[in-house]
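See below for the structure under consideration.
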Amino acid sequence: MTYIAKPKFHHPGLKKNELGYTHRDYEGKISTLCAGCGHDSITASIIEACYELSIEPHRVAKISGIGCSSKTPDYFLGNSHGFNSVHGRMPSVLTGANLANRDLIYLGVSGDGDSASIGFGQFAHSIRRGVNMTYIVENNGVYGLTKGQFSATADRGSKSKKGVTNTDNAIDLVAIALQLGATFVARSFSGDKTQLVPLIAAAIRHKGASFIDVISPCIAFNNHAGSTKSFDYVREHNDAVNRLDVLVGRDPIAVDYAPGMVQVVEQHDGSKVALRKIDADYDPHDRLGAMTFLQKHAAKGQIVTGLLYVDPEAEDLHEHLNTVETPLNTLEADALCPGSAVLDKINASLR
Amino acid sequence: MPDKKPISSVNDFVVRFANVNGSGSASANELFARAILRHGVPVSPRNIFPSNIQGLPTWYEVRVTEAGHLGARGGVDMMVAMNPQTWDKDVAGIEPGGYLFYDSTKPMPSTKFRDDITVIGVPLTAITNSTYTDPRQRQLFKNIIYLGALCALLDMDPKVIEQLIGEQYKGKEKLLSSNVHALHLGRDWALQNLKCPIGLRIKRADKVGDRIFIEGNSAAALGAVYGGATVCAWYPITPSSSVAEAFTSHCKKYRHDPETGKAKYAIVQGEDELASIGIVIGASWNGARAFTATSGPGISLMTEFIGLSYFAEIPAVIMNIQRAGPSTGMPTRTQQCDIIACAYASHGDTKHVLLFPEDPAEAFEFAAASFDLAERLQTTIFLMLDLDIGMNHRLCRPLKWDDAKQYDRGKVMTAEMLEEGRDFGRYLDVDGDGIPYRTYPGTHPTKGSYFTRGTSRDRYARYSEEGPVYADNMQRLVRKFETAQDLVPRPLQANAERPTKYGVIYFGSTSPAMDEAIGLLEARGHQLDRLRIRAFPFHSSVASFLAEHDFVYVVEQNRDSQLRQLIVNENGIDPVRLVPIVHYDGTPITARFIAKAIGDHQDHLKVTPLRKAVS
């Protein structure tokens with residue numbers, strides 16, 4: 001762990017985004033995770049995605065549970081409010097926060113212990129409710145803070161650092177998210193920033209429940225021979241279905257999209273997700289196809305990465321509940337209280 | 001004629017209906033209670049039901065009480081025995097000289113009756129079968145027919161019941177006329193075949209005044225609407241479910257934007273209690289007024305989050321409608337048994353604010369106030385009802401609201417305040433009251449953001465495991481709890497007519513039984529000063545009351561005298577001076593019980609009643 005304060009000095013020549021913010025404006029505290037942790041790479045990708053989207057950092061609420069992954073919101077968007085809640089309960093806290101103020105951007109950061117075990121129910125229900133959020137699981141298949149126990153995403157047959165073989169089947173959070181009706185489902189690898197940054201950016205722009213499972217090797221407890229979440233293993237078994245870029249409506253640059261190789265997905269808010277297919281047959285609008293594709297490759301021992309499914313017409317929880325556009329946390333007595341005259345009528349009806 | 005003189009009483013008796021759950025009797029029985037109210041006579045009804053859906057026994061008791069005693073009395077003057085399964089128990093429960101009303105279609109052997117009661121048989125099944133062919137109609141109208149017979153037996157005005165039926169089925173003429181017809185079927189049969197009225201009678205009076213008749217859960221839900229709650233997350237559990245259901249119903253009526261039709265509220269039925277309180281905490285953290293409603297088992301599940309709310313200082317309102325525990329206990333029976341569990345919920349050193357309303361009117365007021373308190377104190381507030389208040393209609397004063405009232409959002413630092421250069425430390429005790437300022441997420445681009453966590457941190461919300469920093473924070477939380485003493489509703493004291501060395505402390509739904517018990521104790525020669533506790537932390541007047549009396553009885557509805565434990569623990573007094581009076585069989589405590597328990601204790605202490613000492 002390090003307690004070195006991060007210098008506040010900004011180089012005047014740092015590149016700025018549309019709002020005039022530099023990368024430094026999207027950073028947080030210095031990470032206290034192990035050097036080389038995949039989670040720090042994800043942190044860097046979140047910073048990059050928010051910078052590229054020109055998000056106002058303070059308009060993001062970053063919420064997590066407990067564990068290595070859940071520490072990471074402290075390391076990005078330092079001017080945002082963060083909430084390190086309790087183990088596995090990030091989704092409910094995020095849901096409540098979202099209900100209170102629909103105008104903010106909600107980033108939920110979780111881990112495999114957090115989301116696939118103690119918080120499996122909360123993960124499932126936040127997805128099925130369609131909470132407008134970007135839910136990122138930093139998935140290393142192991143409990144790092146308690147020194148190396150298997151998590152529920154650890155593959156059957158994989159070995160712990162102590163040499164124990166996992167005899168339980170693994171939970172595939174992406175498969176579950178697809179089944180539960182998530183309207184944006186992706187998987188990536190923490191070391192593949194080229195793929196991960198646009199995925200995060202697209203997820204943020206998506207209106208509805210966005211879920212990204214990011215394989216993130218644990219340098220301390222799950223990066224050994226026999227692990228199926230190590231850097232080496234994932235590099236060897238990574239089968240990307242597509243590459244992806246985000247086009248925000250006000251930025252029409254489309255440099256990477258060769259004719260015939262690009263699929264543009266228009267989202268609810270007008271932003272566009274352009275997919276460059278590696279697998280020519282892959283259709284990211286086909287939920288059933290995505291589930292089949294996922295299972296087929298899983299059977300081959302391959303990890304599918306990329307944007308697996310997106311519904312550009314998705315609705316979120318607020319639309320399901322038909323709530324007012326004004327954030328609920330700004331409503332005061334004049335808007336909420338029916339008043340004494342109504343109460344008199346209620347009293348009269350109770351006699 | 002029975003060998004005991006039949007009870008003769010006007011406007012002061014107890015009628016109990018024994019029914020089969022699911023037989024549709026509830027609405028007829030409630031109609032009976034309402035009809036007596038419309039005669040200007042107060043009633044105190046109670047549902048007594050097991051935890052099942054259909055087929056098992058259920059009872060509905062109506063205490064007719066011109067004197068206005070709203071607690072349960074105990075004993076039954078008239079039993080309307082409509083459930084063969086519970087016949088023996090029901091007949092045994094009738095007071096000597098009381099009345100048994102039953103369906104006499106099938107003859108009963110004389111051994112099934114008692115010699116000291118009056119038996120009234122009405123061939124209800126025969127009447128319904130000769131009038132209706134549809135099985136469901138036969139079942140439902142049988143209830144209205146016995147209501148009609150009671151109308152004649154108790155000398156009630158049928159027009160009052162007709163009017164109530166008219167209000168119930170307004171716009172549904174067919175239902176209205178068929179119900180009125182059934183009412184008269186029963187009434188006419190009774191008038192023609194029985195000696196009406198019996199010794200128990202309803203006589204018009206003017207003792208109800210402007211009081212209203214409402215369930216505590218509904219009143220609490222209305223309090224949440226008036227108190228500005230916009231987010232409700234809940235998970236069904238008896239006896240609290242009707243809070244959220246009533247909140248939903250009230251919101252649908254009063255909380256939609258007239259132009260867009262959109263809702264100014266969000267209600268989520270969580271997947272469990274953990275999610276429900278998590279949603280409440282997330283919403284409150286983000287500046288909305290949020291609550292959940294649950295019961296004891298739900299509180300058990302929520303305790304981890306409640307600890308977070310305490311330590312991270314996030315407002316939350318939990319309405320706990322208590323039932324008999326531990327574990328599943330008796331889900332449909334009343335108790336006041338979550339006092340300790342809520343006061344110290346969660347691990348580590350925690351203390352929480354509890355509010356104890358005595359009736360629906362206070363349930364409304366305290367529910368509305370709980371949102372101010374939660375935001376003011378930035379912590380969890382427990383509204384402690386119980387099944388007896390929550391799921392029973394109770395007569396209470398009308399609900400009142402001051403239109404000039406604005407919500408107290410507590411110490412919230414705005415963008416303007418931050419811009420002025422105000423020092424913001426999330427856990428900084430600026431005013432010495434232990435309450436820090438908070439900011440809502442998204443307030444300012446560069447100032448006022450902080451990280452909320454359940455781990456220890458310093459005054460500026462920076463993670464720290466330094467011992468002195470942790471202790472400093474914990475001491476501030478103690479200061480905050482002391483501040484709460486003066487913000488929560490104060491105890492109400494009522495002194496005996498003559499000076500006394502003895503006092504009694506009570507709270508919540510015990511209130512009406514206690515009020516009545518005082519009269520019974522005075523009649524027995526015992527004088528007691530009363531203190532009704534309305535909140536925890538205890539106001540200093542609780543300690544004063546204890547100091548002023550040699551012995552103080554603590555009356556409560558749980559086995560371990562939990563409020564007494566809390567008083568001893570928080571005031572550091574000799575527990576011997578606090579005498580527990582406990583009632584915990586799941587039925588509401590009665591005046592008879594309290595008066596006997598305290599009276600016997602006083603006699604046991606060989607305390608000479610003041611009246612005798614004077615003589």
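Numbers below:
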read-out: Pick from the stretch A:95-107, criterion open to solvent by less than 20 Å² (accessible area, probe 1.4 Å) and in contact (Cβ under 8 Å) with a residue 40 or more places away in the chain, ranking: farthest from the other protein chains (Cβ to nearest Cβ); value: A:Leu107
read-out: Hits in the stretch B:208-244 - residues which are part of a loop (DSSP other than H, G, I, E, B) and small (Gly, Ala, Ser); value: B:Gly209, B:Gly227, B:Gly228, B:Ala229, B:Ser240
read-out: Total residues in the stretch A:152-165, condition open to solvent by 10 Å² or more (accessible area, probe 1.4 Å) and touching an Asp or Glu at 6+ places or on another chain (Cβ under 8 Å); value: 2
read-out: Count of residues meeting criterion [at pLDDT 95 or above and in a loop (DSSP other than H, G, I, E, B)] in the stretch A:120-160; value: 3
read-out: Tally, over the stretch B:245-276, of residues that are in contact with a strand residue (DSSP E or B) (Cβ under 9 Å, 6 or more places away or on another chain) and at the interface with another protein chain (Cβ under 8 Å from one of its Cβ atoms); value: 12
read-out: Test result for B:Ala92, of a type in the set (A, V, I, L, M), within 30 Å of B:Ile594 (Cβ to Cβ) and open to solvent by 20 Å² or more (accessible area, probe 1.4 Å); value: yes
read-out: Qualifying residue in the stretch B:6-25 (condition: part of a helix (DSSP H, G or I) and either open to solvent by 60 Å² or more (accessible area, probe 1.4 Å) or more than 16 Å from B:Leu153 (Cα to Cα) (or both)); value: yes
read-out: Per-region count, the stretch A:311-341, residues of a type in the set (A, V, I, L, M, F, W, C), buried (at least 17 other Cβ atoms within 10 Å of the Cβ) and outside any loop (DSSP other than H, G, I, E, B); value: 3
read-out: Test result for B:Asp431, away from chain A (no Cβ under 14 Å), without any contact (Cβ under 8 Å) to a residue 60 or more places away in the chain, part of a loop (DSSP other than H, G, I, E, B) and of a type in the set (Asp, Glu); value: yes
read-out: Residue in the stretch A:122-137 that is in contact with a Pro (Cβ under 8 Å, 6 or more places away or on another chain) and either away from chain B (no Cβ under 12 Å) or free of Cβ contacts under 8 Å to residues at least 24 places away in the same chain (or both) present; value: yes
read-out: Residue that is nearest to B:Pro258 (Cα to Cα) [pool: residues in the stretch A:304-343 that are facing another protein chain (nearest Cβ under 8 Å) and among the acidic types (Asp, Glu)]; value: A:Glu325
read-out: Filter result (polar (S, T, N, Q), surrounded by fewer than 24 Cβ atoms within 10 Å (Cβ to Cβ) and under 22 Å from A:Leu331 (Cα atoms)) within the stretch B:196-248; value: B:Thr248
read-out: Residue check for A:Ala61: hydrophobic (A, V, I, L, M, F, W, C), in a helix (DSSP H, G or I) and either in contact (Cβ under 8 Å) with a residue 12 or more places away in the chain or open to solvent by 10 Å² or more (accessible area, probe 1.4 Å) (or both); value: no
read-out: Single residue of B:Ala415, B:Ala461, B:Ala494 found to be in contact with a Lys or Arg (Cβ under 7 Å, 6 or more places away or on another chain), within 14 Å of chain A (Cβ to nearest Cβ) and surrounded by fewer than 22 Cβ atoms within 10 Å (Cβ to Cβ); value: B:Ala461
read-out: Selected residue (criterion: nearest to B:Asp12 (Cα to Cα)) from residues of the stretch B:179-205 that are in contact (Cβ under 8 Å) with a residue 24 or more places away in the chain, assigned to a loop (DSSP other than H, G, I, E, B) and over 36 Å from the mean Cα position of the chain (by Cα); value: B:Cys196
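The values are calculated or read from the model by the stated rules, or taken from the named source; none is laboratory data. Remember, predicted model here, so these are calculated numbers, not experimental data. Because the Cβ atoms are built from the backbone with ideal geometry, glycine has one as well, and the counts that use them run over all protein chains shown. Note: accessible area is taken over every heavy atom of the protein model, side chains too, but ligands, DNA and RNA are not part of it. Shrake-Rupley method; radii C 1.70, N 1.55, O 1.52, S 1.80 Å.
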